[in-house]
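Report on the structure given below.
The values are calculated or read from the model by the stated rules, or taken from the named source; none is laboratory data. Everything numeric in this text was worked out from a predicted model, so none of it was measured. Every residue, glycine as well, gets a Cβ built from its backbone with ideal geometry; the counts of neighbours run over all protein chains shown. All accessible areas refer to the heavy atoms of the entire protein, side chains included, with ligands and DNA or RNA removed. Shrake-Rupley method; radii C 1.70, N 1.55, O 1.52, S 1.80 Å.
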Amino acid sequence: MRARNAASLPPALALMVAVALALSPGASPAHAAEPPPREAPTGERVVLDGGHLDLAARLTGGRLAFRVKDGTVPGATVWREPSDVLLHFDPRHEIVIPPREEAPQLEGFGAPGASLWADKDFASTEGLLWPGWNTLGILPADVTGGVEVAFSAVRGPGRFVLGRWEDDPEIGLRIGVDVDSARARPGTVRLPSFTHAHPLWIFDREGVYRITLEMSATLPSGARVSDRETLAVVVGDIDPSTVEPGPGEETPGPTPPPTSPTPTSSPPPPVTPSASGGPTPTPTPSASGKRTPTPSRTPTAATPPVPGPARTTSATPTAPLAPFPTAGRTSAPALAAPATGGGRLAATGAVPLALPAGLAAAALAAGAVTVVLVRVRGKRAAR
């Protein structure tokens, strides 16, 4: 009997085979040449001011470790100690709150005309910081109940919020608040194993923030494992070389209460992978290496009393939103109303930013590819 050729396969099956072949090892010379992630030695300090990175949980020898998976230079991933990393939400991350009718999602985060500093999920501008969650190194059989991330303390000059997009029957999309430094207990996020997700990062005042969080999990034996670290974040037009990473030595002080009512939020559901790759979780690995990377600069190991880390300029991450030009910007960009709101742009003369819209349509369009991606690359991505 003559063998059935690929051309006679059903269209859906043929598509799956084609995607699987495209994702298989050796199918792409660029992928085959990608080096394995590098383990940065303790004390190798860096400033990350743009690109994709993850706050990651790893299991090694029955112990859980909280690490920063630095993918800001595609094809040159580095595992780093959180106490060696400074995140810099520089002036490019500043947005101006428009009137409520144009962006009702921001009600409770400040008065119209006030500034916020946010990650790239709020912007169409390329090259902004895009911090995510990552438990791809932990399989469901490795732990019981996933990974819990408890925010025990946030020190800083203003309010820090970690949230997520969620559906709202009146405005379409709203910000569900999971962590809020204005609370006595900022909050806890629960992550399933083998998950890659991107929350929303929002700060309402310039300055230095020290965010202490503890990642923990329960092993099948019943033993509890955890790792607690403090991540330093510089917000606004501040020279990060003057700031020490980690817990720092600033005198702790109370976080000012919010100037507007805190947005109400339902209890955060467990994060589940999705196909959007944007503000909601995605099962795909970190940013694509297909863009031409900016040459990285070797970070310098700081020894006291060296004041701060070496600065690195990062390559642009893969983004689900179209880029907008940034040349000639003289002020913080205004935040545009979502497509469902029909509002106009705030008249500030700045480059517009756009809230995500049509996330469900994007997820539906990518659904078939996501199934194959998870099955073909699942085990390899968990390493």
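I want to confirm something. Restricting to the stretch 43-63 and keeping residues that are more than 29 Å from H93 (Cα to Cα) and not in a strand (DSSP E or B), which single residue is most open to solvent (accessible area, probe 1.4 Å)? Let's see the steps before the verdict.
Residues of the stretch 43-63 that are more than 29 Å from H93 (Cα to Cα), as a first pass: 58-63.
Retained after the next criterion (residues that are not in a strand (DSSP E or B)): 61-62.
Values: G61: 83, G62: 43 Å².
So, considering only residues that are more than 29 Å from H93 (Cα to Cα) and not in a strand (DSSP E or B), the one most open to solvent (accessible area, probe 1.4 Å) is G61.
Of the residues making up the stretch 190-201, those that are assigned to a strand (DSSP E or B) and over 14 Å from I211 (Cα atoms) are R190, L191, H196, A197, L200.
Yes/no per residue for (1) basic (K, R); (2) modelled with pLDDT of 95 or more; (3) on the phi > 0 side of the Ramachandran plot; (4) in contact with a helix residue (DSSP H, G or I) (Cβ under 9 Å, 6 or more places away or on another chain):
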site	(1), (2), (3), (4)
G113	no, yes, yes, no
A141	no, yes, no, no
P157	no, yes, no, no
R164	yes, yes, no, no
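Considering each residue of the stretch 205-216 in turn, none proves to be touching a residue at least 40 places away in the same chain (Cβ under 8 Å), touching a helix residue (DSSP H, G or I) at 6+ places or on another chain (Cβ under 8 Å), more than 25 Å from E166 (Cα to Cα) and part of a strand (DSSP E or B).
The condition of being under 25 Å from R45 (Cβ atoms), open to solvent by 30 Å² or more (accessible area, probe 1.4 Å) and not charged (D, E, K, R) holds for only one of T212, T242, T230, that being T242. State whether the residues of the stretch 92-99 include one that is at pLDDT below 95, crowded, with 18+ Cβ neighbours inside 10 Å and of a type in the set (D, E, K, R). No, the conditions are met nowhere in the stretch 92-99.
So for the stretch 101-123 (the condition being open to solvent by less than 10 Å² (accessible area, probe 1.4 Å) and of a type in the set (K, R)), does at least one residue qualify? Checked against the condition, which is being open to solvent by less than 10 Å² (accessible area, probe 1.4 Å) and of a type in the set (K, R), the stretch 101-123 yields at least one hit.
In the stretch 166-184 there is at least one residue matching the filter, namely being over 24 Å from R100 (Cβ atoms), open to solvent by 40 Å² or more (accessible area, probe 1.4 Å) and either outside any loop (DSSP other than H, G, I, E, B) or of a type in the set (A, V, I, L, M) (or both). Of all residues in the stretch 192-233, those satisfying the criterion of being under 16 Å from the mean Cα position of the chain (by Cα) and closer than 19 Å to S115 by Cβ are L200, W201, I202, F203, V233.
Of the residues making up the stretch 64-83, those that are open to solvent by less than 10 Å² (accessible area, probe 1.4 Å) and either modelled with pLDDT under 95 or touching a helix residue (DSSP H, G or I) at 6+ places or on another chain (Cβ under 8 Å) (or both) are F66, V68. When S124 is tested against (1) within 18 Å of H198 (Cβ to Cβ); (2) assigned to a strand (DSSP E or B), only condition (2) is not met. The single condition among (1) farther than 27 Å from I238 by Cα; (2) surrounded by fewer than 21 Cβ atoms within 10 Å (Cβ to Cβ) that F194 does not meet is (2).
On the basis of being within 27 Å of P169 (Cβ to Cβ) and at pLDDT 95 or above, does D119 make the cut?
For D119, the condition - within 27 Å of P169 (Cβ to Cβ) and at pLDDT 95 or above - is met.
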